[in-house]
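For reference, the structure is listed below as structure tokens.
The values are calculated or read from the model by the stated rules, or taken from the named source; none is laboratory data. Not measured: the values here are computed from a predicted model. Cβ: placed from backbone, ideal geometry, glycine included. Neighbour counts: every protein chain shown.
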Amino acid sequence: MNRHVNHRIDFSDIVDISRSGVRRAYVFMGLGVNASNLDELDSYDIENGTQFKILQENQFRAAIPQFKTEFKNWILLNTMRELVETFSRFLSSVYSNTSIVYSANQPEDVWEKYKKKVQSFEMMGVENQLKTLRKDFLILTQKEKYFKSINQFRNCVTHRGGHVEKRDLNKGRTFELLWWGIEMYAEDIEGNKMNLKHPIPDEGILIEKESRLKYRFTELTRIYQKGDIVSLSPNEVSEICFLILVATDEIMKTFSELIKSKIPMSKES
């Protein structure tokens with residue numbers, strides 16, 4: 001007996017899992033980084049106190065500048081963790097909804113097979129989730145290759161406190177984080193290029209020859225050695241936010257086209 005389902009897919013709700021997650025991560029990154037840079041932030045004691053005190057009041061006051069430096073990196077690393085985990089939830093929703101459509105009007109055992117695959121999918125890292133979406137349903141993004149190292153970065157942060165260990169290294173004995181972003185540069189009439197790396201100093205940059213300002217999308221990298229604690233700048237994290245938003249839109253395009261080819265759309269869709 002075939003399985004009949006009445007299932008509504010709200011594309012805006014699905015894409016918002018990723019978009020709202022990126023916004024949340026970006027806002028929290030900004031709040032945390034800005035706080036770490038405030039001179040007046042000079043105490044770790046919570047206003048109005050707590051029932052249990054783990055440290056005596058200002059016991060490590062002299063170490064506060066170092067704490068703030070580590071706090072800033074902690075904020076940036078956990079922004080990365082949240083970005084990856086949010087993107088994973090988005091991919092799981094895409095896979096689950098597509099599986100429901102593919103198993104509709106099929107024998108019950110077909111749905112049972114898909115249900116097990118959905119459960120397995122939710123346990124994968126984003127690298128394998130993207131690969132599975134592409135192989136099972138041809139739902140894809142051209143940015144897939146960047147998520148191998150981005151997922152590895154998340155694993156390093158989540159499971160090893162950001163400490164690079166042997167399992168993180170590639171054949172070159174380093175851990176290379178690879179992503180995609182914008183490179184701005186000035187190019188003069190002779191074709192010479194001057195990289196305009198963010199942030200631009202307040203006093204500006206002297207460009208001696210008449211030049212045009214240009215930009216291009218390019219691959220960006222950070223390389224870590226065994227024993228390093230991974231780190232990123234706020235600008236680098238913002239570039240990865242942008243990468244995830246682009247990948248989200250590409251996934252949604254192929255996902256929505258596939259679903260619309262499989263089932264009739266109501267006017268409100």
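Brief remarks follow.
- Flag if N151 is touching a Gly at 6+ places or on another chain (Cβ under 8 Å) and of a type outside the set (A, V, I, L, M, F, W, C): yes
- Output for region 181-197, where each listed residue is of a type in the set (D, E, K, R), in a strand (DSSP E or B) and closer than 30 Å to D168 by Cα: E183
- Scanning region 1-36 for residues being surrounded by 14 or more Cβ atoms within 10 Å (Cβ to Cβ), among the basic types (K, R) and either outside any helix (DSSP H, G or I) or at pLDDT below 95 (or both) gives a total of 1.
- Residue ID - surrounded by the most Cβ atoms within 10 Å (Cβ to Cβ), chosen from residues in region 119-154 that are of a type in the set (A, V, I, L, M), more than 13 Å from the chain's Cα centre (by Cα) and part of a helix (DSSP H, G or I): L130
- Meets criteria (β-branched (V, I, T), part of a loop (DSSP other than H, G, I, E, B) and at negative phi) for I200: yes
- Here V101 passes the criteria (1) in a helix (DSSP H, G or I); (2) under 23 Å from the mean Cα position of the chain (by Cα) except the one numbered (2).
- Applying the set (1) part of a strand (DSSP E or B); (2) within 19 Å of N128 (Cβ to Cβ) to R167 leaves exactly one unmet item: (1).
- Among the candidates I182, I259, I229, the residue that is surrounded by 13 or more Cβ atoms within 10 Å (Cβ to Cβ), of a type in the set (V, I, T) and within 26 Å of S18 (Cβ to Cβ) is uniquely I259.
- Residues in region 73-91 that are surrounded by fewer than 20 Cβ atoms within 10 Å (Cβ to Cβ) and over 8 Å from the mean Cα position of the chain (by Cα): N73, W74, N78, R89.
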